[in-house]
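The values are calculated or read from the model by the stated rules, or taken from the named source; none is laboratory data. Remember, it's a predicted structure, so these values are computed and weren't measured experimentally. Counting neighbours? That spans all protein chains shown, and the Cβs are built from the backbone with ideal geometry, glycine included.
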Amino acid sequence: MAKELLKGNIAMAEAAIRAGLEGYFGYPITPQTELLEWMSERMPALGRAFLQAESEVAAINMLYGAACTGARVMTSSSSPGISLMMEGLSYIAGTEVPVVIIDVVRGGPGLGNIAPSQGDYNQIVHGGGHGDYHPIVLAPASVQEAIDLVVLAFDLAEKYRTIVFVMADGNIGQMMEPAELPPMRPIKSEYPHWAVRGAMGRERRILSSIYIDPKDEEVTNYRLMQVWNQIQANEVRYREYFLEDADTVVIGFGTAGRIALSAVRAARAEGIKVGLLRPITLSPFPAPQIENLIQRVKGFLVVEMNAGQMLDDVLKVVKGRVPVEFYGRMGGMVPFPDEILAEIQRMSREDIPLDGDPRQRWMKRLAPVIHWQN
Amino acid sequence: MDTTLSAQIVYQRPQSLTEATMHYCPGCTHGIAHRLIAEVMDEMGIRERSIGVAPVGCSVFAYNYFDCDFVEAAHGRAPAMATGIKRLLPDRIVFTYQGDGDLASIGMGEIVHAAGRGENISVFFINNAIYGMTSGQMAPTTLPGQKTTSSPRGRDVETMGYPLRMAELLANLDGAGYVVRRSLHDPKNIRMAKKAIRLAFETQLRGLGFSMVELLSTCSTNWGLSPLESLKWLEEHMIPYYPIGDFKVADALKEIKL
Ligand SMILES: Cc1ncc(C[n+]2csc(CCOP(=O)(O)OP(=O)(O)O)c2C)c(N)n1
Ligand code: SF4
Ligand SMILES: [Mg+2]
């Protein structure tokens, strides 16, 4: 299939359809709405289920029911909608049924705005719903990668019977880029052994997240943790850029990672030995890769479009062994490559302390940038 | 003349019920409602293509008692979950079983929209005017003046609002094909309830839209009455507020003679 100019939201929707999507349930919210609109046209035309739900609460619970049939199903939303879905996520996790969810993240907290952001990292990567569960979270940095990750998301969801998020941001969703869609896969013809589809000529099946005896619930939690261990061992994905001889490594995902790459290239042109680690799976987190880098780098610069949500995960790995700096823009603001370049240049000039709080240092540096008046 | 009589079975467990012993309190009408639904499933031969959605409430374990595929929803979300299933499997019979807290309070959004969409699902709504499972708090269907653990001086409509008549409310929606209220307090009403359950499933089979049977029920445990007193209380207090009746019956159903 040839490359075409595609808008991120539509590309992700069409990729899901071609991955064999059988049911979509969603609620309009900018900057994700084109995805839902595309589904509203395409899914019925293909004889597949599309429904605009009355709320994200309903959408996620429709998705939950649909997932219980063993079909490939998904929803999409943006940050405030994802907040509303937390109840359903916990139930889906507890029932161990596969679903794919696309979050086109926008500025927050609250109603915030519709500009690109990465403020949903914590609510997705570190739960949000009650109980112990770990979704897989994939973060694309281009339209092509968004397409590829949506397809992968379905395979991973089914392989591990888990929730897989594609966490894009308003930028990926709204941007147009040349990209190639995958070929159309047929809808599956066989359904898993646990699927609830009517007890025709077989024992009845029950799908539930209740284990009323805590002993059973503990065993279930243990099983979930074992699956999570396997996911951590096998599914970490990331991209490396200029890491071979880098003494400073920028870590950034999605749009922030992409902008950081421009900055890294510019710094390289100035002779600064800097590289980029771009996590593609935010969960499982590429902790082993960071651990390996600690042995040979002088410092890390974490770049995000939030107040350092992934930073905490990096700090947990680094454990004060090398300096870590942070640069973030918040609330729907997107950093320019120059801002990140300036951070890289500064790190190559200055001695960065091992102790202290990188977030506090960043806030001091950011104050004049945002014209903070106190 | 031969005087021996051959043994005849007149009453047995419906095939659509499992052998599991129900956990409901003695005298609880949840058991009657289960049995009626199972009898109708047997009679219609739909057990193998039915999928039930259990609520959060005393009937949270309904899936242990019905011998068909089942899923367990979050509190109030059964209609949404049923929608997801029905949209993926339109030729299956999908039904929810929900209490008044589940359906009329936390799940109000989901039930209204399922009815509004004319979702082809059947809903069995157990109105016992109280939150049974959490031991007796006020429900949206608790009667004015009724004492509960969270309306200890009786429901004061000035501050706690008025009870909701769900059957009347949902019957107003164009998507509703069959919406009626029945009661489980005596044999005559139980027989009427069974017919209504049958018609609800028939509505779904014929693609006539959303169907709901509200079943007035007792909760002796949390009402603080004996099972017998509870049946009387239902008749004397609930029926005047929640009249038994047909609030929406699609024309195509009117020809069905049961
Ligand atoms: C989100 C959520 N909120 C509250 C509860 C606690 N809860 C469980 S059952 C219930 C009320 C059930 O009452 P009803 O639906 O009337 O069913 P009944 O037990 O009377 O049959 C409540 C409030 C819960 N499980 N989940
Ligand atoms: S608490 Fe009430 S509703 Fe629940 S099983 Fe007992 S009698 Fe039935
Ligand atoms: Mg109740």
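Things to note:
- Some residue of segment B:148-164 being buried (at least 24 other Cβ atoms within 10 Å of the Cβ) and either within 16 Å of ligand 1 (Cβ to nearest atom) or not hydroxyl-bearing (Ser, Thr, Tyr) (or both): no
- Tally, over segment A:226-244, of residues that are part of a helix (DSSP H, G or I) and surrounded by fewer than 14 Cβ atoms within 10 Å (Cβ to Cβ): 5
- Residue count for segment A:35-50, restricted to those that are crowded, with 16+ Cβ neighbours inside 10 Å and over 19 Å from residue A:104 (Cβ atoms): 2
- Filtered by the rule that a residue be under 18 Å from the mean Cα position of the chain (by Cα) and over 21 Å from residue B:188 (Cα atoms), segment B:12-41 gives B:16, B:17, B:22, B:23, B:24, B:25.
- Matching residues, segment A:23-59, being within 11 Å of chain B (Cβ to nearest Cβ), in contact with a strand residue (DSSP E or B) (Cβ under 6 Å, 6 or more places away or on another chain) and touching a residue at least 40 places away in the same chain (Cβ under 8 Å): A:23, A:24, A:25
- Those residues of segment B:36-54 which are crowded, with 24+ Cβ neighbours inside 10 Å and within 12 Å of chain A (Cβ to nearest Cβ), in sequence order: B:41, B:50, B:51, B:52, B:53, B:54
- Residues that are modelled with pLDDT of 95 or more, near ligand 3 (Cβ under 9 Å from one of its atoms) and on the phi > 0 side of the Ramachandran plot occur in segment B:126-135; there is at least one.
- Of all residues in segment B:57-77, those being within 16 Å of ligand 3 (Cβ to nearest atom) and in contact (Cβ under 8 Å) with a residue 40 or more places away in the chain number 4.
- For segment B:73-100, the tally of residues that are within 16 Å of ligand 1 (Cβ to nearest atom), within 7 Å of another protein chain (Cβ to nearest Cβ) and of a type in the set (Val, Ile, Thr) stands at 0.
- Residue among A:66, A:93, A:71 that alone is outside any loop (DSSP other than H, G, I, E, B), on the phi < 0 side of the Ramachandran plot and facing chain B (nearest Cβ under 8 Å): A:66
- Subset of segment B:15-35 [within 14 Å of another protein chain (Cβ to nearest Cβ) and either of a type in the set (Lys, Arg) or surrounded by 18 or more Cβ atoms within 10 Å (Cβ to Cβ) (or both)]: B:16, B:17
- Contact map, segment B:102-122: first residue closer than 17 Å to residue B:177 by Cα and more than 9 Å from chain A (Cβ to nearest Cβ), second residue part of a strand (DSSP E or B) and within 16 Å of ligand 2 (Cβ to nearest atom), Cβ cut-off under 8 Å, separation 6 or more or different chains; pairs are B:111/B:98.
- Out of A:323, A:284, A:288, sole residue that is crowded, with 18+ Cβ neighbours inside 10 Å, within 24 Å of the chain's Cα centre (by Cα) and touching a residue at least 24 places away in the same chain (Cβ under 8 Å): A:284
- Of all residues in segment B:28-53, those satisfying the criterion of being within 11 Å of ligand 1 (Cβ to nearest atom) and not polar (S, T, N, Q) are B:28, B:30, B:33.
- Exactly one residue out of A:258, A:265 is touching a strand residue (DSSP E or B) at 6+ places or on another chain (Cβ under 9 Å), part of a helix (DSSP H, G or I) and surrounded by fewer than 19 Cβ atoms within 10 Å (Cβ to Cβ), and it is A:265.
- Members of segment B:182-237 found to be over 18 Å from the mean Cα position of the chain (by Cα) and within 16 Å of ligand 1 (Cβ to nearest atom), listed by number: B:221, B:222, B:223, B:224, B:225, B:227, B:233
- Counted residues, segment B:29-46 - those being assigned to a helix (DSSP H, G or I) and within 16 Å of ligand 3 (Cβ to nearest atom): 5
- Selection count where residues are more than 7 Å from chain A (Cβ to nearest Cβ) and buried (at least 24 other Cβ atoms within 10 Å of the Cβ), scope segment B:59-72: 4
- Screening B:84, B:101, B:57 for residues that are modelled with pLDDT of 95 or more and within 26 Å of residue A:73 (Cβ to Cβ) leaves exactly one candidate, B:84.
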